[in-house]
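Note sheet for the following structure.
Please treat every number below as a calculation from the coordinates, not as lab data. Note that this is a predicted model, so its numbers are computed, not measured. Quick reminder, even Gly has a Cβ in these numbers, built from the backbone with ideal geometry, and neighbours come from all protein chains shown.
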Amino acid sequence: MDWKNKKILVTGGTGSFGKKFIKVLIDEYQPEKLIVYSRDELKQHEMRVAGFDHSSLRYFIGDVRDLPRLRRAMQDINIVVHAAALKQVPACEYNPMEAVKTNILGTANVVDAAIDARVQKVLFLSTDKAVTPVNLYGATKLTAEKLVVASNAYAGDLQTRLSCVRYGNVVGSRGSVVPIFIHQRENGNKLTI
């Protein structure tokens, strides 16, 4: 996929993946416009302070559950990378409707807004946990994958094409076991595995 000089929107742009991906886009592809779309104003502020202040960057406060806001954010966008999700397995198990609203209905909103805005490409970031899911998180991501792929039929003759990629655990990312192990070791606790 050609990323150079494109207008790109990244949902969940303040997360572990989003921040790294945005840095790579800025450093290697010089996007014309790069929208960081997330619902966390503090994380957006922290990104700015950390040096994410490139002239192509735009920070949009918004939630994937909010279809009108997504439609506004996708005006004149070429590529959408949809990384926003509730990802913590215990949180999804304890708050199942919230996981459904964000991971499934939020993905449906991204798809609808992208097709309506005639975005060229939508890339949905899924998880290895969508393979024969044993928890709600994996089930919501599998459902979202199927929704994204099937939506190519809805796009019909429009230029919009939608695809998925599965992303595995990343050592040291927010929510991974490495920070937990380090914290346990620093406090003299046994490592839990």
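If you take the charge dipole of the chain about its Cα centre, with +1 on Lys and Arg Cβ and -1 on Asp and Glu Cβ, which of 73, 187, 59 is farthest toward its positive end?
187
Quick check: residue separation of residue 163 and residue 146 times 0.36 nm, minus the Cα distance between them. What number comes out in nm?
Going from the current span to full extension adds 5.1 nm.
Beyond a 27 Å Cα-Cα separation, which of these cross-linked pairs lie in this structure: 23/121; 101/190; 20/141; 4/129; 20/121?
Pairs exceeding 27 Å: 101/190; 4/129.
In nm, give the distance between the simple-model label positions of residue 29 and residue 191, each being 7 Å from the Cα along the Cα-to-Cβ direction.
3.6 nm
Which three extents, in whole angstrom, do the alpha-carbon atoms of the chain cover along their principal axes, largest first?
Extents along the principal axes, in whole Å: 58, 38, 27.
For the chain, what is the mean residue ellipticity at 222 nm derived from helices alone (per DSSP H run of n ≥ 4: -39500 (n - 2.57); sum divided by total residues; nearest 500 deg cm²/dmol)?
My calculation for the chain gives -11500 deg cm²/dmol from helical runs alone.
Net charge within 12 Å of residue 119 by Cβ-Cβ distance, Lys/Arg positive one each and Asp/Glu negative one each, not counting residue 119 itself?
+3
Specify the angular offset, from 0 to 90 degrees and rounded to the nearest 10, of the alpha carbon long axis of helix 177-186 from the longest principal axis of the alpha carbons in the chain.
So the inclination is approximately 30 degrees.
For the chain, what relative contact order do you get, as a whole percent, if you take Cα pairs closer than 8 Å and at least 6 residues apart?
18 percent.
Multiply the residue gap between residue 20 and residue 40 by 0.36 nm, knock off their C-alpha separation, and tell me the result in nm, one decimal place.
Net length gain for the segment: 5.5 nm.
For the residue pair residue 76 and residue 134, what label-to-label distance in nm results when each label sits 7 Å from Cα along the Cα-to-beta-carbon direction?
4.9 nm
Filter the trypsin sites (Lys or Arg not before Pro) in the stretch 1-96 to those in DSSP coil with at most 16 other Cβ atoms within 10 Å of their Cβ, and list the result.
4, 65
Mind checking the full-extension length gain between residue 58 and residue 178? Use 0.36 nm per residue of separation minus the Cα-Cα distance, one decimal, nm.
Stretched out fully, the residue 58 to residue 178 stretch lengthens by 40.0 nm.
Expressed as an acute angle from 0 to 90° and rounded to the nearest 10, what is the orientation of the C-alpha long axis of helix 136-155 relative to the principal long axis of the chain?
Its long axis makes an angle of about 10 degrees.
Quick check on the stretch 53-147: take the gyration tensor over C-alpha atoms, sort the square-rooted eigenvalues as a ≥ b ≥ c, and tell me if it's rounded (a/c under 1.5), prolate or oblate.
In terms of gyration-tensor shape, prolate.
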